Every structure is written in C-alpha cells, then in structure tokens.
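Report on the structure given below.
The values are calculated or read from the model by the stated rules, or taken from the named source; none is laboratory data. These numbers were taken from a predicted model, which means no experiment stands behind them. All Cβ positions, even for glycine, are placed from backbone atoms using ideal geometry, and neighbour counts span all protein chains on display.
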Amino acid sequence: MSFPKRRDKPRRGKPKRANKLSPRDSQPLEVEIEFLGGKGDGVAKSNDKTYFVPFSVPGDRLLIKPETKRGEGFASSIVEIKEAGLHRFEAPCPHYGTCGGCSLQHLEPSFYGDWKRQLVVDAFSRRGLHPEILPVKSAAIGQRRRVSFEVIRAGGRLVFGFNARQSHQVVPIDHCLLLVPEINQLIPALEKLIPHLTDAGERGDVVINFVNGLLDIVFALPGDLSLDRLEKLSAFADKHDIGRISWNRHKGGTPESVVQRKPIKALFGDVPVEIPAGSFLQPSEDGEGLLVNEVLEGIGDCPKIADLFSGCGTFSFPMAKTALIHAFEASQVMISAMEQAAGRAGLGGNITGNVRDLERQPLSVKELKEYDGVVFDPPRAGAQEQAQVLSESTISTVVGVSCNPNTFARDARLLVDGGFEIKRVIPVDQFPYSPHMEAVAIFCRK
C-alpha cells in the first residue's frame, strides 16, 4: 500500500505562519502508534510531542514525517512501515490513500467495529453518561444510494470524482465500492456529459440519489442552463432511463427540476412518497431499515407522537400504522410531499404535517403536553434547545437519532439532567470506512 504525500493547497494567499514547522520539528522520526484518535488517525508520542498519523493502526512502528502543526501536535505522514500492527488490513479499494472518502479501510474488520462503537462510548462518557451501548449494527457495503461527486474543468481536461483527503483537489473516480451498481455504471456516461454543461475553469457537484429503482440527479453547476444544455440533459435522461434531472446554479440553493420522466418515490413504511428534488435520504435502504426498526421498538405503543425534524416521513409513516403522528419539518415542500402521500395512502387522519424551524422555534413545554412520545432526528449540530425543553416537559418516552455522537451526547445529558434515563444506545454504521457514526438512543422518565 502506498501513502502519497499530502497535496493540500491553500485557497488563496500564503499558508499561516503558525502552521509552519521548524527544521528540527520537520525531520523524519520513528514512532509507535499508541491508539486511534476520534478522526481515525493514529496517535503517537515522542519526546513529549504528539503526532497524528493517518492510515496507521495501534502497534504500527513507523518512520513518519511531521508536516504541519495540528492543535497541540503535528499532522504527519507515513514514510515507511517498519513493523505492522496486529490490526492492519489490506485496503480493498484501488483509490485508497488518495481519495478522501474512505480513510479506514486499512483496519481489520473486528477492530474497526469495536473502534466505531467506542466513538459513541467516548462521546457519552465525556458527558458523564455510561448507558448500555450495544454492538454496532452496520449497513452493507455496496448499498450506498446517495452520493455527491466533485467535477472540475481545468487545464483543458475534466476531473470527475471525490475530494482528496483534506484537500480541494479532486481525485478521478471510475468506481466506488460503497455505491449501488446503478450509480457506478453511470459514471462513464456522466464524464462524457459534463464537458457539455460546463466551461473551462468551472467547478461544481453532481448529486445522485438512487430511489426505489430510479436515478435522481441534481447538477449543481455554475453556468446558465441554455437551450442546448437542456436538450443534452433531456437526451441523456432518455438514453440512460433517468427518472429526474434537476439544475442548481447556486450551490446550496433549491434545485429546479428540468427533466422529469418518472415520479421519484421513496418508500417509507411501504408508503410511496414523491420526494422533492434535493431531499434528504438516509445513505442506504439497509441503514434506513436499521434505524426505523430501532425507532419503532423504542417508541413502543405511544398513541400520539411528535416526529421532530421529520423530513419527508422516514419515521412518520412506519409509526403511523399504530399511532397518530404530528410531523415537524422546516421545509414546506417536504411537509407537502408527506401530507399528499398520507392522503393517497389513506393515512390522512394519522399524519399531520407542520412547517416549523425547530432550531429557532422548538416545541414548548405546553405544546409537548399533547404527546405521549417524541422522536427527533436533527442535523449534525443536534437539537440542544429542543432537548432542553423536552427535559422540562412531562413526556415519558423520547427516541433520539443522530449522525453526530458528540452533539447527541450533549443533548442526552440535558435529558438525563431533566429526569430521563437512557435505556440503551444502538450505534449504527451507515458510513463504512469513515469516522462518521450514527446512533439511536431510547430515553424514558424514571
């Protein structure tokens, strides 16, 4: 396995002086990796200095080269593996080491699973919480249905792929072992199409969802959508049986559907929901199923439930089979999609949608009196304000879902301080080979 040197380039201007190393600090040295840090880098200490070394495992004896200051230590690269640790594993992907998408393929599988569970254990213990944390439940490899590719036209050529590790450079990708086959098979055709949609020097994203057997593509590119480009998109959709193509000139804005051949319907609890372009979906159907099962088991037989940060109804529809659901989401189009699907499925009386930005306006203690249980699945920043209100409410059962163990543990601490106990925490790995981790936690009042 090779370990390429970092090719980071600052966006503009000169590197900060604070990150420059002295000639003495930048000399290669031999170290032994003691443990993996929270970002997956090996940590070594020598002469009272700390070194962070990607692509390493505990027990590795390495020759490393310190490169930049990183907090109280030094970000370093491997020059030579003198002796491999017991948990080193042969990475299965040919792009490993250059692509920034997967940084942990070199970990032996059982050690990898234990380490990912420990991420959740450590996050909770730092908040003084020591609940039962179950073994990791993992989504299968090759089932990821959502992906964002980087594209850039520079030097007369197109580069289509993923960002390099800690860099704005793009690594060409012709196949990703995490993705469903339908997305991988489309990559060569996209590489031929992109030059017709961009000008020299332009950079953007191509976001693809594979939803219930159909491809849904958003081109987040800087140029105008001319008639010629629209015709090429339409021909592309016909040739490759694409369900929908959307255009988003302003990255982060609302995509505009420009080619709609078939309705894009996700199945939530066996209910087809026609989702808007750019809607959030769990990374894989496999992982979504794991989360839904844990939420259903955790919420139990609560007859009336508030589903907070509901999206288009990932949890609302499965719960609506046995309960009345009030779903809260900031996006009007998502709530509309949910309500329309509920009406078509005869669940209009079981699901009520509410447009509300819970980060700015959490449900109050008075409003929460209406419910027997609450499910919340916030963005990575967590739901601190809402958790505080929940801790002051009379709600008896809360199920939390999070893609950030650190903010989840912070919110859990608020609930525990308000009289809840944590029945259990279930780590769910939907992001294989990365340090990202999801978890479900069940809270009940003592």
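Values computed for the structure shown
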| quantity | calculated |
| --- | --- |
| The stretch 276-317, residues that are under 19 Å from the mean Cα position of the chain (by Cα) and of a type in the set (A, V, I, L, M, F, W, C) | ALA277, PHE280, LEU281, LEU290, LEU291, VAL292, VAL295, LEU308, PHE309, CYS312, PHE315 |
| Residues within the stretch 98-129 that are among the small types (Gly, Ala, Ser) and in contact with a His (Cβ under 9 Å, 6 or more places away or on another chain), tallied | 2 |
| Matching option when the condition is more than 28 Å from THR407 (Cβ to Cβ) and of a type in the set (Asp, Glu), among GLU339, GLU370, GLU359 | GLU339 |
| Single residue of PHE210, PHE219 found to be in the same structural domain as PRO255 (by TED's automatic domain parsing), crowded, with 21+ Cβ neighbours inside 10 Å, touching a Ser or Thr at 6+ places or on another chain (Cβ under 8 Å) and at pLDDT 90 or above | PHE219 |
| Any hit, the stretch 393-411, residues being under 30 Å from GLN143 (Cα atoms), of a type in the set (Phe, Trp, Tyr) and not in a helix (DSSP H, G or I) | no |
| Criterion: crowded, with 19+ Cβ neighbours inside 10 Å and in a loop (DSSP other than H, G, I, E, B) - qualifying residue of LEU104, LEU119, LEU62 | LEU104 |
| Qualifying residue in the stretch 187-201 (condition: part of a loop (DSSP other than H, G, I, E, B), modelled with pLDDT under 90 and either in contact with a strand residue (DSSP E or B) (Cβ under 6 Å, 6 or more places away or on another chain) or closer than 24 Å to ILE264 by Cβ (or both)) | yes |
| Test set (1) in contact with a strand residue (DSSP E or B) (Cβ under 6 Å, 6 or more places away or on another chain); (2) closer than 25 Å to VAL425 by Cβ - PRO263 fails condition number | (2) |
| Selection from the stretch 176-191 of residues that are exposed (fewer than 15 other Cβ atoms within 10 Å of the Cβ) and out of contact with any Phe, Trp or Tyr (no Cβ under 9 Å at 6 or more places or on another chain) | PRO181, GLN185, PRO188 |
| One residue from ALA320, ALA337 being closer than 30 Å to VAL136 by Cα, among the hydrophobic types (A, V, I, L, M, F, W, C), assigned by TED's automatic domain parsing to the domain that holds ASP372 and buried (at least 22 other Cβ atoms within 10 Å of the Cβ) | ALA320 |
| Answer from PHE236, PHE328, PHE280, PHE317 - the residue that is aromatic (Phe, Trp, Tyr) and part of a loop (DSSP other than H, G, I, E, B) | PHE280 |
| Which listed residue is in contact (Cβ under 8 Å) with a residue 60 or more places away in the chain and of a type in the set (S, T, N, Q), from SER138, SER76, SER110, SER125 | SER138 |
| Subset of the stretch 343-385 [hydrophobic (A, V, I, L, M, F, W, C) and free of Cβ contacts under 8 Å to residues at least 40 places away in the same chain] | ILE351, VAL355, VAL365, ALA381 |
| Matching entry among ALA44, ALA84 (being at pLDDT 95 or above and surrounded by 19 or more Cβ atoms within 10 Å (Cβ to Cβ)) | ALA44 |
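So that you can scan it fast, the table gives a plain yes or no per residue for (1) within 25 Å of GLY38 (Cβ to Cβ); (2) at pLDDT 95 or above; (3) of a type in the set (Lys, Arg):
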residue	(1), (2), (3)
HIS326	no, yes, no
GLU339	no, yes, no
LYS366	no, yes, yes
TYR371	no, yes, no
PHE376	yes, yes, no
ASP417	yes, yes, no
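Table: residues versus (1) of a type in the set (Lys, Arg); (2) in a strand (DSSP E or B).
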position: ALA341; (1), (2): no, no
position: LEU347; (1), (2): no, no
position: ASN354; (1), (2): no, yes
position: LYS366; (1), (2): yes, no
position: TYR371; (1), (2): no, no
position: VAL374; (1), (2): no, yes
position: PRO379; (1), (2): no, no
position: GLU385; (1), (2): no, no
position: SER391; (1), (2): no, no
